[in-house]
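Worksheet for the structure shown next.
The values are calculated or read from the model by the stated rules, or taken from the named source; none is laboratory data. All values reported here derive from a predicted model rather than from experimental measurement. Using ideal geometry, Cβ is built from the backbone for each residue, glycine included, and neighbour counts are taken over all protein chains shown. Only protein heavy atoms, including side chains, enter the accessible area calculation; ligands, DNA and RNA are left aside. Shrake-Rupley method; radii C 1.70, N 1.55, O 1.52, S 1.80 Å.
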Amino acid sequence: MTVYLTRRESFCASHRLHSEKLSEEENRKLFGKCNSENGHGHNYFIEVTVRGEPNSDTGLVMNLTELKEIIHRAILDKVDHKHLNLDVKELKGINPTTENLARAFFSMLTPAVPKGMLFEVRVFETEKNSAAFRGEN
Ligand code: NI
């Protein structure tokens with residue numbers, strides 16, 4: 001009887017999307033404002049979903065306060081109000097697209113979440129755009 005439990009958090013950060021494999025012009029065309037030379041900011045949201053069987057005594061898959069603290073320690077303390085390209089060692093060398101952030105955040109959370117419980121990390125760069133990673137190849 002598996003139940004999925006999700007906690008939503010937010011953070012603010014700046015980034016610059018830029019691929020070394022593309023020309024300056026191709027980068028500008030593809031990434032638009034996100035290619036802005038000195039970066040620009042987003043109000044990000046992150047949703048972390050864990051899964052498990054609700055405890056028969058408490059009815060909980062996980063204490064949400066505990067999940068909130070894990071997300072803060074593993075991710076938000078490192079990225080909130082930072083420049084994602086420059087200030088976060090876990091993101092060094094990564095083009096910080098929403099897709100790549102979802103993947104990186106999943107890796108950052110893996111050692112912090114009880115084994116086998118982390119199901120999905122979804123990152124929203126805007127209200128309308130999000131990417132999710134479930135640890136699959
Ligand atoms: Ni952007």
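Computed quantities for the displayed model
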quantity: Extended-chain gain in nm, criterion 0.36 nm per residue less alpha-carbon gap, D80 and T6; calculated: 24.6 nm
quantity: Between 0 and 90°, nearest 10: helix 98-109 axis offset from the chain longest Cα axis; calculated: 40 degrees
quantity: Residue-level accessible surface for L64, protein heavy atoms, 1.4 Å, Å²; calculated: 70 Å²
quantity: Flagged links, alpha-carbon separation over 28 Å, of K33/K115; K29/K78; K21/K92; K21/K68; K82/K128; K29/K82; calculated: K33/K115; K29/K78; K21/K68
quantity: Per residue value of the accessible surface for region 72-137 (all protein chains in place, 1.4 Å probe), Å²; calculated: 58 Å²
quantity: Carbon and sulfur %, accessible surface of the chain computed with the full protein complex present, 1.4 Å; calculated: 46 percent
quantity: List K29, K128, ordered by accessible area with a 1.4 Å probe, largest first; calculated: K128, K29
quantity: Rough spin-label spacing in nm, given labels placed 7 Å along Cα→Cβ, for H40 and E136; calculated: 3.3 nm
quantity: Accessible heavy-atom area order of D80, D87, highest first, probe of 1.4 Å; calculated: D87, D80
quantity: Within the chain, helix-based [θ] at 222 nm, where runs of 4 or more DSSP H residues each add -39,500 (n - 2.57), nearest 500; calculated: -6000 deg cm²/dmol
